[in-house]
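Some notes on the structure that comes next.
Quick note: the coordinates plus some simple rules give every number you see, no bench work behind them. As the structure is a prediction and not an experimental result, all values here were calculated from the model. Cβ placement follows ideal geometry from the backbone for every residue including glycine, while neighbour counts extend to all protein chains displayed.
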Amino acid sequence: MELVTQKDFINTYAYPSFAKKALEKCNDWFPVLESADLAGIIGGLITDGHIQTRAMGRHTKYEYIGFFSDNYPELAAFNEKIKSLFGVEGKITSWGERYNGRSSGVIISNAALARVLTLCGCPAGEKVSQKFEVPGWIRKGNKEIQSSFLRSSFSCDGTIFFENDSKRWRIKIVMYKQEKLSSDLRRYLETLRQMLRDTFQISTSELSYAAKYVRRKDGAKMMGLSFYVQRESIPDFAKEIGFDITYKNVKLQKAIYWATSRD
């Protein structure tokens, strides 16, 4: 299915002459089609990524795309997905410690690509301070598209660990937003739960509250929500979703053994 056409791209510009000049460099991108790799890119950007924009009067200036991780293979894989779809690549570099604790990232200084990925459904700017949803083409996409999006989401915002108190393996995902947007955060995570349940028959816990804190830079009240993959669904999670990160998949194999040895 076509997601972004030349016309869509041109309409993001205030001045036709600027659009024409930009199109000369990226004309072969269009039409942008839905794909599993694109879904993975969007999933990574929504969680550990960023599309930098800046308001200029009544217009928006698109600047760069960033994806952040301290896992080099994860950065390289993201960069390769971008290159395979759009023929451009970023620079993997130290970026200084960010709010999510990551200090390295792949930075793609390409304003045209930033516009295209926004048109594909990725929110631009500070995600914790705005409403957004899982893009419809991903939510209604085939299993490969949904799996790729969920895999990126869990790779970035998910954890897998052995819980000593309960003596069990847990797969958990947590996301944060400003407290005033708690209902929007709830809807987003409920969509992930619905995709796991309806498409892959993976059972999850109900949503629960994670930590709350006050952001130092502006005093905004932040809150988190999370959910877990149920023990009986860990093998299906491994089969259908998994992680993009090797060490998490190693833990996942241990979690499968733990889950199946109790059947």
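Amide H contacts for residue 228 (H built 1.01 Å from N in the peptide plane; partners 5 or more residues away or on another chain; cut-off under 5 Å): 205. Bridgeable aspartates and glutamates around residue 140 (alpha carbons under 19 Å apart, same-chain partners fewer than 8 residues away excluded): 2, 34, 37, 190, 198, 240. Between the amide H of residue 220 and those of 215, distances stay under 5 Å, these residues lying 5 or more places away or on another chain, with hydrogens modeled in the peptide plane.
Divide by every residue of the chain the summed helix terms, -39500 (n - 2.57) for each DSSP H run of at least 4, and state the resulting mean residue ellipticity at 222 nm, rounded to the nearest 500 deg cm²/dmol. Present the calculation step by step, with values, prior to reporting the outcome.
Details: 10 runs with 113 residues, N = 263.
Value at 222 nm, helices only: -13000 deg cm²/dmol.
Among 160, 138, sorting on how many other beta-carbon atoms sit within 10 Å of each Cβ, with the fewest leading, yields 160, 138. Computed from Cα positions, the angle between helix 143-157 and the longest principal axis of the chain comes to roughly 80 degrees.
For the pair segment 27-73 / segment 162-181, the C-alpha centres are spaced 26 Å from each other.
Return the inverse of the average 1/r over all pairs of distinct C-alpha atoms in segment 140-237, which is the Kirkwood hydrodynamic radius, in Å to one decimal.
On the way: mean 1/r = 0.0692 Å⁻¹.
Across segment 140-237, the inverse of the average 1/r is 14.5 Å.
Given 131/177; 167/254; 25/131, which pairs have Cα atoms separated by over 20 Å? Could you put the intermediate results ahead of the total?
Values: 131/177 9 Å; 167/254 13 Å; 25/131 32 Å.
The pairs that break the limit, which is 20 Å between Cα atoms, are 25/131.
Could you compute how fast segment 108-160 diffuses translationally, taking Rh as the Kirkwood radius over C-alpha pairs and applying Stokes-Einstein at 10 °C with viscosity 1.306 mPa s? Give it in µm² per second.
Taking Rh from Cα pairs, D becomes 125 µm²/s.
Global size of the chain: 19.0, 65 Å for Rg and Dmax (C-alpha atoms, Rg to one decimal, Dmax whole).
For segment 2-125, the alpha carbon convex hull comes to 99 Å³ per residue, rounded to a whole number.
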